[in-house]
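Rule-based calculations on the coordinates, nothing more; no lab input. Computed from a predicted model, the values in this text were never measured in an experiment. Reconstructed Cβ throughout: ideal geometry from the backbone, glycine too, with neighbour counts over all protein chains shown.
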Amino acid sequence: MVRGGNEMINIATAPLDRLSDAEWEKLCDHCGRCCLIKLENEQTSEIFYTNVICRQYDIEKGLCGAYPERKERVPGCIVIRQFGNEIYSQLPETCAYRLRYNNKPLPEWHPLLTGNTKKMQQAMIYVSERVVSEQSIHEEQFEDHIVDDIM
Ligand code: SF4
Ligand code: SF4
């Protein structure tokens, strides 16, 4: 992208605070991992991932179905850029925002590097084919959906 005449920015490598909002959005690979329901053991604070995904997630399209108004629709939904730096360690390890915050390179499958989603699909990064919607699960059943790995 060209800025102010000749200034170019590489979204994949630029510090997060140098990105415009539009550039920031391009870093997201839409994996859906941050939209999985997580459970916390209140005694140990241990976090467990489930294969249950937020009710607003459109499994067919592999995208949030309420992105512009996500905060209003789902009070627990976190707008990463508006949150403090402590959020990054809570994001999935493959998340571009977590990686770039820690000054790590994007994975070789990231669509910004490959220009398409083929490698990302091969690496099984998308969760949409392996999840169930929160809409179809009773809250008491969430524990039955704990997964060992983030999938
Ligand atoms: S985990 Fe990160 S890269 Fe994946 S959808 Fe969430 S914000 Fe985007
Ligand atoms: S509201 Fe959208 S972005 Fe937020 S957790 Fe749900 S599906 Fe994900």
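To one decimal place, what Kirkwood hydrodynamic radius in Å is obtained for segment 90-149 from all pairs of distinct Cα atoms? Every distinct Cα pair counted, the radius reaches 13.8 Å. Phi-derived couplings, Karplus 6.51 cos²θ - 1.76 cosθ + 1.60 at θ = phi - 60°, listed residue by residue for segment 44-61: 9, 6, 5, 9, 10, 7, 10, 9, 9, 10, 2, 4, 7, 6, 8, 4, 5, 7 Hz, with x used for Gly and Pro.
About its Cα centre, how strong a charge dipole does the chain have in debye, to the nearest 20, once Lys and Arg get +1 and Asp and Glu get -1 at the Cβ?
Magnitude of the dipole: close to 800 debye.
This ranking places Val147, Val131 by how few other beta-carbon atoms lie within 10 Å of each, fewest first, which gives Val147, Val131. Converting phi to 3J(HN,Hα) with the Karplus coefficients 6.51, -1.76 and 1.60 and the offset θ = phi - 60°, segment 70-86 yields 4, 5, 6, 6, 10, x, x, 6, 9, 8, 3, 5, 8, 8, x, 4, 5 Hz in sequence order, with x at every glycine or proline. The Kirkwood radius of segment 30-145, taken over pairs of alpha-carbon atoms, gives through the Stokes-Einstein law at 37 °C and 0.692 mPa s a diffusion coefficient of 213 µm² s⁻¹. When only Cα pairs below 8 angstrom with a gap of at least 6 residues are kept, the chain shows a relative contact order of 31 percent. Among the listed pairs Lys71/Lys119; Lys71/Lys104; Lys26/Lys118; Lys71/Lys118, those with a Cα-Cα distance over 25 Å are Lys71/Lys119; Lys71/Lys104; Lys71/Lys118. For segment 103-151 and segment 27-56, what is the separation of their Cα centres, given in Å? Comparing the Cα centres of segment 103-151 and segment 27-56, I get a distance of 10 Å. Along its first, second and third principal axes, ordered by size, segment 1-93 spans 53, 32, 22 Å in Cα coordinates.
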